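See below for the structure under consideration.
The values are calculated or read from the model by the stated rules, or taken from the named source; none is laboratory data. Just so we're clear, the structure is a prediction, and the values are computed from it rather than from any experiment. Cβ placement follows ideal geometry from the backbone for every residue including glycine, while neighbour counts extend to all protein chains displayed. The protein model used for the area step is the full one, side chains on, heavy atoms only, and it has no ligands, DNA or RNA in it. Shrake-Rupley method; radii C 1.70, N 1.55, O 1.52, S 1.80 Å.
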Amino acid sequence: MITLLLLKVDSRTHPGDVRVLKDLKHGLHPESIAPGSCLSSWDFSVDPCDHIFSDRFTCGFRCDWFASGFFRVTEITLDPVGYSGLLSSTTWNLPYLQILDVSDNSFYGSIPDSLSNLTRLRRLSLSMNLLSGKMPVSLVSLAHLEELYLDSNSLHGSIPSSFNSLVSLKRLEIQENNLSGEFPDLGALKDLNYLDASDNQISGEVPSTLPVSLVELSMRNNNLRGKLPVNVSDLEFLQVLDLSHNKLSGPILSVLFDHPSLQQLTLSHNNFTFLQVPGTVGLTSKLIALDSSYNDLRGILPGFLCSMPKLSSLSLENNKFTGMIPSQYALKVAVPRSNSSSLERLLLGGNYLFGPIPSALMGLKPGSANVSLVDNCLYRCPDTFFFCQGGNQKSLVDCKKRFETVIPLD
């Protein structure tokens, strides 16, 4: 009895916090606690916070002293060594915890509602585990949450519309799951600057009620359909937009080429049919990289793309463009300009372009730029030119069929 009283008096870590740490370790499969890992060193015969970074508690958590007279656990960050177990093995009654990161391990089962007890949490990272079930609505009680990482798991079901109340959220990563249904209205998240919902099964249209604060948006590889929302121009801080590998159709809007901050636009592997010409003819565009490959784009190659002063990467391959390669495309690759970036990447293969190779390209040396003109209808494109290597030109029969479709012959 005397020994127990002494331990209680000498304890500097709040007893409730010690209990959670114990439950967390004891809830793991013992064989998943590798020698030399953080949790292998946790020895509860001594006070955790009083011995942090010693050989008894080498790593895995952080403590801060509070006026209550106790150390409180403010951070748990586990090393990625394959810890396996249920997150529901503890109550998560850690009222001062600000960071919980158990990413890149083998936790399984559902995300427990008890995580809602972490009312001061700013960052929650459960990425790259084996978690299943639905995204818990209970997480909306985490009013101070700024970063939420649930990516690379096996979560299913829809994204809760109540996530629109996580008003402190700045970063949301839910990619590489099995989430489905339409994307909810998150327009109230005025501080959200990064959203990645790629590699899911999200359906419906591209949401028109996205947070105007977004800097990066990726919804790659989903089941999105319909046209691009015109009010994408309202996302005035957007720098990166990736909607590739969906089923989007209609025009690629001119507002994307007039956008005040957009630098990287990836719309490949969709069903877009044409590019709208911006009123500024591209002169004010901030785009550095544009990938509209593997669509259904038709007509002649749009000249305004070469008027974009910062564009250095352009991929239009595997569409249905016809006509000759405009000389300004070749000049933007081969002739440096002081007030405009050169094209370091120009991929035009897999179209129906005809005529001769522009003379400005003839002097390009291998390694000077990444250029491909394969699988077109060019008059001559011998392997002696590096941009003709890797594939033949289309047959005369295929080219003739395409030209007859574009311009019906009597």
I'd like to check something: does the range 235-251 contain any residue that is in contact with a helix residue (DSSP H, G or I) (Cβ under 7 Å, 6 or more places away or on another chain) and either outside any loop (DSSP other than H, G, I, E, B) or modelled with pLDDT of 95 or more (or both)? no
In the range 182-200, what residues are open to solvent by 10 Å² or more (accessible area, probe 1.4 Å) and part of a loop (DSSP other than H, G, I, E, B)? Phe183, Pro184, Asp185, Gly187, Ala188, Lys190, Asp191, Asn193, Asp199, Asn200
Here the qualifying pairs (Cβ atoms under 6 Å; residues six or more apart or on different chains; first in the range 308-326 and closer than 19 Å to Ser338 by Cα; second at pLDDT 95 or above and not in a loop (DSSP other than H, G, I, E, B)) come out as Ser313/Ala289; Ser313/Arg345
All positions within the range 307-322 that are open to solvent by less than 10 Å² (accessible area, probe 1.4 Å) and outside any loop (DSSP other than H, G, I, E, B): Leu314, Ser315, Phe321
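So how many residues does the range 60-69 have that are open to solvent by 40 Å² or more (accessible area, probe 1.4 Å) and either out of contact with any strand residue (DSSP E or B) (no Cβ under 6 Å at 6 or more places or on another chain) or in a loop (DSSP other than H, G, I, E, B) (or both)? Walk me through how you get there before you give the answer.
Filtering the range 60-69 for residues open to solvent by 40 Å² or more (accessible area, probe 1.4 Å) gives 62, 64-68.
Then drop every residue that is not either out of contact with any strand residue (DSSP E or B) (no Cβ under 6 Å at 6 or more places or on another chain) or in a loop (DSSP other than H, G, I, E, B) (or both), which leaves 66-68.
Counting residues in the range 60-69 that are open to solvent by 40 Å² or more (accessible area, probe 1.4 Å) and either out of contact with any strand residue (DSSP E or B) (no Cβ under 6 Å at 6 or more places or on another chain) or in a loop (DSSP other than H, G, I, E, B) (or both) gives 3.
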Of all residues making up the range 252-272, the number that are in a strand (DSSP E or B), over 17 Å from Ser312 (Cα atoms) and open to solvent by less than 50 Å² (accessible area, probe 1.4 Å): 2
Would you be able to say whether some residue in the range 49-58 is open to solvent by less than 20 Å² (accessible area, probe 1.4 Å), assigned to a loop (DSSP other than H, G, I, E, B) and in contact (Cβ under 8 Å) with a residue 12 or more places away in the chain? no
Log entry, pairs with first residue in the range 346-365 being among the hydroxyl-bearing types (Ser, Thr, Tyr), second being assigned to a strand (DSSP E or B) and open to solvent by less than 30 Å² (accessible area, probe 1.4 Å), beta carbons closer than 8 Å, six or more apart or on different chains, reads Tyr352/Phe321; Tyr352/Thr322; Tyr352/Cys377
Can you find a residue that is in a loop (DSSP other than H, G, I, E, B) and either among the aromatic types (Phe, Trp, Tyr) or crowded, with 21+ Cβ neighbours inside 10 Å (or both) anywhere in the range 326-341? no
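Within the range 162-181, which residues are in contact with a helix residue (DSSP H, G or I) (Cβ under 9 Å, 6 or more places away or on another chain) and open to solvent by 10 Å² or more (accessible area, probe 1.4 Å)? Walk me through how you get there before you give the answer.
First, pick out the residues of the range 162-181 that are in contact with a helix residue (DSSP H, G or I) (Cβ under 9 Å, 6 or more places away or on another chain): 162-166, 169, 172.
Selection gives Ser162, Asn164, Ser165.
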Options Leu348, Leu287: the member that is modelled with pLDDT of 95 or more, under 24 Å from the mean Cα position of the chain (by Cα) and crowded, with 16+ Cβ neighbours inside 10 Å: Leu287
Contacts under 6 angstrom Cβ, first residue in the range 105-121 being touching a residue at least 12 places away in the same chain (Cβ under 8 Å) and within 18 Å of Gly16 (Cβ to Cβ), partner of a type in the set (Val, Ile, Thr) and surrounded by fewer than 18 Cβ atoms within 10 Å (Cβ to Cβ), 6 or more apart: Ser114/Thr91
Would you point out which residue out of Thr74, Thr90 is open to solvent by less than 20 Å² (accessible area, probe 1.4 Å) and in contact (Cβ under 8 Å) with a residue 60 or more places away in the chain? Thr90
Residue count, the range 25-39, condition out of contact with any Leu (no Cβ under 8 Å at 6 or more places or on another chain) and either open to solvent by less than 50 Å² (accessible area, probe 1.4 Å) or not in a helix (DSSP H, G or I) (or both), comes to 6
